[in-house]
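The values are calculated or read from the model by the stated rules, or taken from the named source; none is laboratory data. Predicted model, so just to flag it, every value in this text is computed and none were measured. Cβ: placed from backbone, ideal geometry, glycine included. Neighbour counts: every protein chain shown.
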Amino acid sequence: MSNHAPTRTLRRLWIAVLVSCGLSLGSVTACLLLLLAPSQQEFHIASPGEPPRFILASQVPNAPFGGEVLPRTVPPDTAGMLFLDSLGNEVGGIAVGGDADSAHAMIALDYRDVPIEAIRMIRRSNGDEQAAEITILDNPSRPIALAQLAEELRSQEPGPQAQLLQDQMTQRIRLGVEKHDAALEFHDSRGRLRLALGVDATGNPYLASVDEGGTHTSLLR
């Protein structure tokens, strides 16, 4: 089979969708356009004349936001779908990757007007062990200069904007199951664990509070 066969197939699909929109929907403009990026298996889904609202790709692409494209690092062979708002800014997505030994899947929704996740749901596996969790991050409080952030990320030399972004990616709540231990954790504004409620692998419930230094101040079982 020719190496160009998948591209030809996808282009035929694109043409078929365009023809279908034009012939069967008539004056209805909210039809779907599937646009092929030839360099990789990637679809952009949009209404005519509007920015993409979904991007589906065999390798998760960089993040469109605020007129910039923000580089990101993801494991190879991680496929995904990006969710975008009406301005073309990423507001969430799905990522799935890994191999037979180690794999992961994630769904994330971002805060508005800043490239920071609000909530994410993760399933990961490593050998025979699997775990799942939901994490909620703190509300962003300081604006980020996106053009400068994009330049810092492209140069791979973190600067003040990359640091500002990192400082605001603070975990506040985590709910998860790992090694048969189910727990709900609360973290302070600096990301430090302060309170945990759970049921361990033996079936025993517990409630633990932790001080700022990480020392358990009380533990109820």
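Observations on the structure shown:
- Taken together, the residues in region 112-131 that are without any contact (Cβ under 8 Å) to a residue 40 or more places away in the chain and in contact with a Leu (Cβ under 8 Å, 6 or more places away or on another chain) amount to 3.
- Region 77-90, residues that are surrounded by fewer than 20 Cβ atoms within 10 Å (Cβ to Cβ) and more than 10 Å from S58 (Cα to Cα): F83, D85, S86, L87, G88
- Within region 155-179, the only residue that satisfies the criterion of being among the hydrophobic types (A, V, I, L, M, F, W, C), farther than 18 Å from R192 by Cα and in a strand (DSSP E or B) is V177.
- For the residues T135, T202, the requirement of being out of contact with any helix residue (DSSP H, G or I) (no Cβ under 9 Å at 6 or more places or on another chain), modelled with pLDDT of 95 or more and part of a loop (DSSP other than H, G, I, E, B) singles out T202.
- Every test in (1) in a strand (DSSP E or B); (2) over 27 Å from R194 (Cα atoms) is passed by V74 save one, and that test is (1).
- Scanning region 104-126 for residues that are hydrophobic (A, V, I, L, M, F, W, C) and more than 15 Å from A79 (Cα to Cα) yields L109, V114, I116, A118, I119, M121.
- Within region 190-221, considering residues that are of a type outside the set (V, I, T) and farther than 20 Å from G176 by Cβ, the one surrounded by the fewest Cβ atoms within 10 Å (Cβ to Cβ): G213
- Restricting A196, A132, A208, A182 to those that are of a type in the set (A, V, I, L, M) and under 30 Å from N89 (Cβ atoms) reduces the list to A132.
- Between E152, E185, the distinction of being assigned to a helix (DSSP H, G or I), among the charged types (D, E, K, R) and surrounded by 16 or more Cβ atoms within 10 Å (Cβ to Cβ) belongs to E152 only.
Residues checked against (1) in contact with a His (Cβ under 8 Å, 6 or more places away or on another chain); (2) over 22 Å from F186 (Cα atoms); (3) among the acidic types (D, E):
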residue	(1), (2), (3)
L82	no, yes, no
G88	no, yes, no
Y111	no, no, no
I116	no, no, no
R123	yes, no, no
N126	no, yes, no
E129	no, yes, yes
E133	no, no, yes
I136	no, no, no
